[in-house]
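Asks: This is the structure I have questions about; it appears just below.
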Amino acid sequence: MNKPDLTKPTRQSTRGLLLIFLFSAQKFIRVFWPALLVLVFQNKWIQNQMVVIIILVVFLGLLIVHTILYYLNFFFYIEGNEFVLKTGYLRKQTLTVPIERIQSVNTKQNIIQQLLDVISLEIDTAGTAGKELKIHALDKYYADELQKQLRAVKSKSPIEEDPDPGAGAVEEEKEELLLQLTPADLLKIGISQNHIRAALVILAFGMQLFQQIQDLFEEQANQYSSRLVEFLSQSNWALVSFLAIFFLVIAIFFSLLRTVIKYFDFKLLKKEHSYRIEAGLLNKRNVIVPHYKVQQLNWETGPLKRIFGIYHLVFKQAVSGQNRRQQQQLVDAPGCLATHLERLKTDLFGEDILSGLPKIRTNSYYFRRLWIFYGWLPFIAAVPFLYEQWLFWMGSVVWVMGAAGYSYLMLKKRYFKVNNHQIRISKGAVSQRWQQMELFKIQSVEFRQSFFQKRKSLASLRLMNASGSVSIPFIDEKIAKQLYDYLLYHTEISEERWM
């Protein structure tokens, strides 16, 4: 099969017509579904079948016209050292991105695209709030060739002073499989997830859905909610405990389901100068992570993860704005063993020297600040409203002592290690998280000292790189100033490639 000529304006695959139609219909329904519910349940004229048919025909006709015009006016091509994307029919738009500014070219494939046998290609550039360029429907061969040629042109760009070695031949290099998750691994990862967070997500979604339904059917919603409150108030502790356990089981099932959908057939592969991650059941993704783009490596473990001997890794890349959160979700590797962790740290940072260095711990004053914030302030705020109830005072003792234990765990896990090239920061409470980066990738350092910290000769530092920021709270003021001066000096004199 001949290589496609990317210098000529090209449309998406014709199978993308159905994809565009479905995406447009989904957007319309998502915006107007409350109004549709009102039309269905609260208007008698909707029972007239002829009116329904006319509305559906007009709606489908407009969607079909929009789909065809959108498809016919969507072009992309390479012109010199720029990638060009033209869209729109009523309001035409041309997006032009210098290829040397392209940070990554990744592919995704949701369930509809899998059925249509097309692939979505996403091009990410530095300094954007979101994915700047998206092409939703490409044949697999064409998507692979476009991804390959964009990376090859980027490697030959004269603007790049220090191009990634081997980037032009990256497709010819043999990949090494570092990690592949089995169904048993997915089960371990799902069980060891934060089920409290999953329960809160379910609760928040349920409350939001109930609120929207309540706005539409206020009388019925109030009636059912009153019955539920009355039922719970008259229930005994056994039934309430059963409902709590049932809700926790639902949260665990949700965590397992989410894990399987997100990390199904997960593979972490390595080429000489980059990693590639494949994963997904309903939404397959193929993400390339160049080594030079990784700003810091984060990894964490918790009580259940320690039992299974696994870590969750996150490659924090050079992204900005709203896109930062999305990239962090995409580029992670769950279920890593200690051997995988050491291998990745060696690839990115070289020989591990930090492990043998002493820990510089956060001052114990940090414990008092946390205990006041998490324990005593909520207690004091609730006293005026609940002081007459004896159950409140029993719960307050448990709450304040629990906050003390939580604050102590946070203090115990707060420390950092640093040498002339790298820094590693530890934090957490129940779980423990580490953040490691090379000093030359730090872009700015902020020295913070409140009035209370100054009295105790303490200070905090905030280190910022292209992927975000990390903090070092409540350390000795002399150490903070020395580290602040050194990091700024290192940032100014370093000529190494940070992105």
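Asks: From the list Trp498, Trp434, which residue is among the aromatic types (Phe, Trp, Tyr), closer than 26 Å to Pro290 by Cβ and modelled with pLDDT of 90 or more?
Replies: On the way: Trp498 fails: modelled with pLDDT of 90 or more.
The match here is Trp434.
Asks: Still on this structure, I have one more. Could you tell me which numbered condition Ser396 fails, if it satisfies all but one of (1) without any contact (Cβ under 8 Å) to a residue 24 or more places away in the chain; (2) closer than 23 Å to Asn298 by Cα; (3) among the hydroxyl-bearing types (Ser, Thr, Tyr)?
Replies: Tallying (1) without any contact (Cβ under 8 Å) to a residue 24 or more places away in the chain; (2) closer than 23 Å to Asn298 by Cα; (3) among the hydroxyl-bearing types (Ser, Thr, Tyr), Ser396 fails exactly one: (2).
Asks: Moving on to the next point. Does region 468-499 hold any residues that are surrounded by 12 or more Cβ atoms within 10 Å (Cβ to Cβ), part of a helix (DSSP H, G or I) and of a type in the set (D, E, K, R), and which are they?
Replies: Glu477, Lys481, Asp485
Asks: Consider region 52-89. How many of its residues are closer than 15 Å to Phe21 by Cα and of a type in the set (A, V, I, L, M)?
Replies: Within region 52-89, residues that are closer than 15 Å to Phe21 by Cα and of a type in the set (A, V, I, L, M) number 11.
Asks: Then there is this: Search region 83-124 for residues being surrounded by 15 or more Cβ atoms within 10 Å (Cβ to Cβ) and of a type in the set (Asp, Glu), and hand back the single one that is nearest to Thr7 (Cα to Cα).
Replies: Looking at residues that are surrounded by 15 or more Cβ atoms within 10 Å (Cβ to Cβ) and of a type in the set (Asp, Glu), I get Glu100.
Asks: Quickly run through region 104-122 and pick out the residues that are of a type in the set (Val, Ile, Thr) and at pLDDT below 85.
Replies: Initial filter on region 104-122 (of a type in the set (Val, Ile, Thr)): 105, 107, 111-112, 118-119.
Val105 - this is the single residue of region 104-122 that is of a type in the set (Val, Ile, Thr) and at pLDDT below 85.
Asks: Within region 175-183, can one find any residue that is at pLDDT 60 or above and either farther than 30 Å from Val118 by Cα or in a helix (DSSP H, G or I) (or both)?
Replies: Initially, region 175-183 is screened for residues at pLDDT 60 or above, giving 175-183.
Checking which are either farther than 30 Å from Val118 by Cα or in a helix (DSSP H, G or I) (or both) leaves us with 183.
Yes, some residue in region 175-183 is at pLDDT 60 or above and either farther than 30 Å from Val118 by Cα or in a helix (DSSP H, G or I) (or both).
Asks: Got a number for residues in region 379-420 being modelled with pLDDT under 95, in contact with a Phe, Trp or Tyr (Cβ under 8 Å, 6 or more places away or on another chain) and within 30 Å of Ser494 (Cβ to Cβ)?
Replies: Number satisfying all stated conditions: 0.
Asks: Can I ask one more? Go through region 434-444 residue by residue and tally those that are crowded, with 18+ Cβ neighbours inside 10 Å and either among the charged types (D, E, K, R) or assigned to a strand (DSSP E or B) (or both).
Replies: Result for region 434-444: 6.
Asks: Could you please let me know if Tyr263 is modelled with pLDDT of 70 or more and of a type in the set (Ser, Thr, Tyr)? It would help to see each step written out before you state the result.
Replies: Values: modelled with pLDDT of 70 or more: yes; of a type in the set (Ser, Thr, Tyr): yes.
Spelling it out, Tyr263 is indeed modelled with pLDDT of 70 or more and of a type in the set (Ser, Thr, Tyr).
Asks: Of the numbered conditions (1) assigned to a helix (DSSP H, G or I); (2) modelled with pLDDT of 95 or more, Asn298 fails exactly one; give the number of that condition.
Replies: Result: Asn298 fails condition (1) only.
Asks: Next question. Scanning region 1-46 for residues that are of a type in the set (S, T, N, Q) and not in a helix (DSSP H, G or I), which turns out modelled with the lowest pLDDT? Full working, then the answer.
Replies: Initial filter on region 1-46 (of a type in the set (S, T, N, Q)): 2, 7, 10, 12-14, 24, 26, 42-43.
So of that shortlist, the ones also not in a helix (DSSP H, G or I) come out as 2, 7, 10, 12-14, 43.
On the way: Asn2: 65, Thr7: 83, Thr10: 90, Gln12: 91, Ser13: 90, Thr14: 90, Asn43: 54.
It comes out as Asn43.
Asks: Just for region 130-147: of the residues that are at pLDDT below 85 and within 21 Å of the chain's Cα centre (by Cα), which one is farthest from Gln317 (Cα to Cα)?
Replies: For region 130-147, the residue satisfying everything is Leu133.
The values are calculated or read from the model by the stated rules, or taken from the named source; none is laboratory data. Quantities reported herein were computed from a predicted structural model and do not represent experimental measurements. Don't worry about glycine lacking a Cβ; one is built from the backbone with ideal geometry, like all the others, and counts go over all protein chains shown.
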